[in-house]
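Trainee: Below is a structure I'd like to ask you about.
The values are calculated or read from the model by the stated rules, or taken from the named source; none is laboratory data. Just so we're clear, the structure is a prediction, and the values are computed from it rather than from any experiment. Positions of Cβ are generated from backbone atoms using ideal geometry, with glycine treated the same way; all protein chains shown enter the neighbour counts. The accessibility values were calculated without ligands, DNA or RNA, using every heavy atom of the protein model including side chains. Shrake-Rupley method; radii C 1.70, N 1.55, O 1.52, S 1.80 Å.
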Amino acid sequence: AIVLSCLALIGIVWAVAIERVNFERDYTIADTTRQNSNLAIAFEEHTIRTLKGVDQAILFVKNQYEEHGLKLDIGRMIENGALDARLFSFIGITDERGNVVLGSYEFTPTNLADRESFKVHQQNNDNEMFIGKLNLGRITHKWAIPMSHRINKTDGSFGGIVYASVDPEYFTRFYRQADLGEQGVVAMVGLDGIVRARQFAEKSGFGEDVRGGKLFAEQAKNRNGSYLGEGKLDGVTRFVSFRTLKEYPLIIAVGTSEAEALAPLHERKRSYYMNAGFASAMVVVFAAS
């Protein structure tokens, strides 16, 4: 009777310890996922506001160009506050052959006919803003996200593009405000699989190809969601929450390292198991007595 009672008591002690560990693990995962989801929503809203601001600025320049032609002074528009210079490293206009005819500051003659944004607008007559892959500006000599609108001539034929070179640092500066640990990551990824802006700990990045990773496998199932998986670029296992923007072909992803998120739990887990072991030893001593 003593042996059976003590074995039952030891079983209860360990069952309580294991149940507590499992409960805290589930709670930690749920809390991490909730925090990542909230951050993804905040970054999504910031991205949409920024892109709409860029969109409106490009359309404003386009309308002014259609009204004033080559007499338009984009630099003066920035000086007067009509355009927010913090967003752009350069704003330019090309003709139908890809030659840059106007810019936000002086530039050497440049042709952009081979650039993706120019070709897209040349082939598609729509009024949607195109967000291209990052490229090295031929005028600014800086890496930037090209965003552009098509210009139509009076007869509806292609007349060139208005484009803005947006510094990815504008986005990563905002991402740094989130405390996601040493291996946390925030990324803005195009539906084409190319990273537009990425903040990893204290490092910024862009231009990486993440096609074939778990992010796109999960995004194919749901536009918004969360999952646990390895990062395609560094192999770190993270809890990731993502959101697909409704109006733009972009995904915002926020990830927290599984190891860092569960580290406090592992410390408590050792404490729970040590206490359960000590209690079991005491029960054994009592049974032996």
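Trainee: Suppose R0 equals 41 Å; then what is the FRET efficiency for Thr237 and Phe278 from their Cβ-Cβ distance, rounded to the nearest 0.05?
Mentor: Working: r = 33 Å, r/R0 = 0.80.
The computed FRET efficiency comes out at 0.80.
Trainee: Over its Cα atoms, what ratio of radius of gyration to 2.2 N^0.38 Å does the range 87-246 give? Mind showing how you got there, number by number?
Mentor: Working: Rg = 17.9 Å, N = 160, 2.2 N^0.38 = 15.1 Å.
Expressed relative to 2.2 N^0.38 Å, the Cα Rg reads 1.18.
Trainee: Most mobile of Gly207, Gly81, Gly160 per a Gaussian network model of the chain (Cα springs, under 10 Å)?
Mentor: Residue with maximal mean-square fluctuation among Gly207, Gly81, Gly160: Gly81.
Trainee: Given C-alpha coordinates of the range 158-244, what is the ratio Rg to Rh with the Kirkwood estimate of Rh?
Mentor: Numbers: Rg = 14.3 Å, Rh = 14.1 Å.
Across the range 158-244, the Cα-based Rg/Rh ratio is 1.02.
Trainee: Just how large is the dipole of the chain about the Cα centre, in debye to the nearest 20, putting +1 at every Lys and Arg Cβ and -1 at every Asp and Glu Cβ?
Mentor: Numbers: 33 positive and 35 negative charges, 74 e Å.
That gives a dipole near 360 debye.
Trainee: May I pose another question? How much net charge surrounds Pro168 when only the other residues with a Cβ under 13 Å from the Cβ of Pro168 are counted, with Lys and Arg +1 and Asp and Glu -1?
Mentor: Values: positive: Lys133, Lys142, Arg173, Arg176, Arg196, Arg198, Lys203; negative: Asp167, Glu169, Glu208.
Once positives and negatives cancel, what remains is +4.
Trainee: Separate question: Please find, in a Gaussian network model of the chain (springs between Cα atoms separated by less than 10 Å), the residue of Ala279, Ala17, Ala217 whose mean-square fluctuation is greatest.
Mentor: Ala279
Trainee: Based on Cα positions only, what radius of gyration and what Dmax would you give for the chain, in angstroms?
Mentor: 27.6, 102
Trainee: Averaged per residue, what accessible surface does the chain expose to a 1.4 Å probe, in Å²?
Mentor: Details: 15310 Å² over 289 residues.
Here the per-residue accessible area is 53 Å².
Trainee: So, one more: Check every DSSP H run in the chain and write down those whose alpha carbon atoms cover 20 angstrom or more along the long axis and whose mean Kyte-Doolittle hydropathy is -0.5 or greater.
Mentor: Both cut-offs are met by 2-68, 258-288.
Trainee: Note the direction-averaged projected area, equal to a quarter of the hull surface, for the Cα convex hull of the range 219-287, in nm². Show your work: numbers first, answer last.
Mentor: Values: hull surface 28.7 nm².
Approximately 7.2 nm², given one-decimal rounding.
Trainee: List the residues of the range 247-272 whose backbone N lies under 18 Å from a point placed 7 Å from the Cα of Arg211 along the Cα-to-Cβ direction.
Mentor: 249-251
Trainee: Roll a 1.4 angstrom probe over the protein heavy atoms and tell me the percent of accessible area of the chain that is carbon or sulfur. Provide the component values of the computation, followed by the final result.
Mentor: Numbers: 8270 of 15310 Å².
Looking at the chain in its full context, I get 54 percent from C and S.
Trainee: Right, here's the next one. I want the local charge near Pro249. Using Cβ-Cβ distances under 11 Å, sum +1 for each Lys or Arg and -1 for each Asp or Glu among the other residues.
Mentor: Numbers: positive: Arg196, Lys246; negative: Glu128, Asp192, Glu247.
Net local charge, Pro249 excluded: -1.
Trainee: Residue by residue through the range 202-207, what is 3J(HN,Hα) from phi via Karplus (6.51 cos²θ - 1.76 cosθ + 1.60, θ = phi - 60°)? Round to whole Hz and write x for glycine and proline.
Mentor: 3J(HN,Hα) across the range 202-207, in whole Hz: 9, 9, 10, x, 5, x.
Trainee: From the residues Val162, Pro146, Met77, which one has its Cα farthest along the dipole of the chain in the positive direction, the dipole being from +1 and -1 charges on Cβ of Lys/Arg and Asp/Glu about the Cα centre?
Mentor: With unit charges placed on the Cβ atoms, the residue in question is Pro146.
Trainee: Report the FRET efficiency, 1/(1 + (r/R0)^6), for Leu265 and Asn111, where r is their Cβ-Cβ distance and R0 is 41 Å, rounded to 0.05.
Mentor: On the way: r = 58 Å, r/R0 = 1.42.
With R0 = 41 Å, the Cβ-Cβ based efficiency is 0.10.
Trainee: Next question, about the same structure. Return the calculated 222 nm mean residue ellipticity for the chain, to the nearest 500 deg cm²/dmol, obtained by summing -39500 (n - 2.57) across DSSP H runs with n ≥ 4 and dividing by the residue count.
Mentor: On the way: 6 runs with 125 residues, N = 289.
When only DSSP H runs of four or more count, the value is -15000 deg cm²/dmol.
Trainee: Over the heavy atoms of Asp192, what accessible area does a 1.4 Å probe trace out, to the nearest 10 Å²?
Mentor: We get 50 Å² for Asp192.
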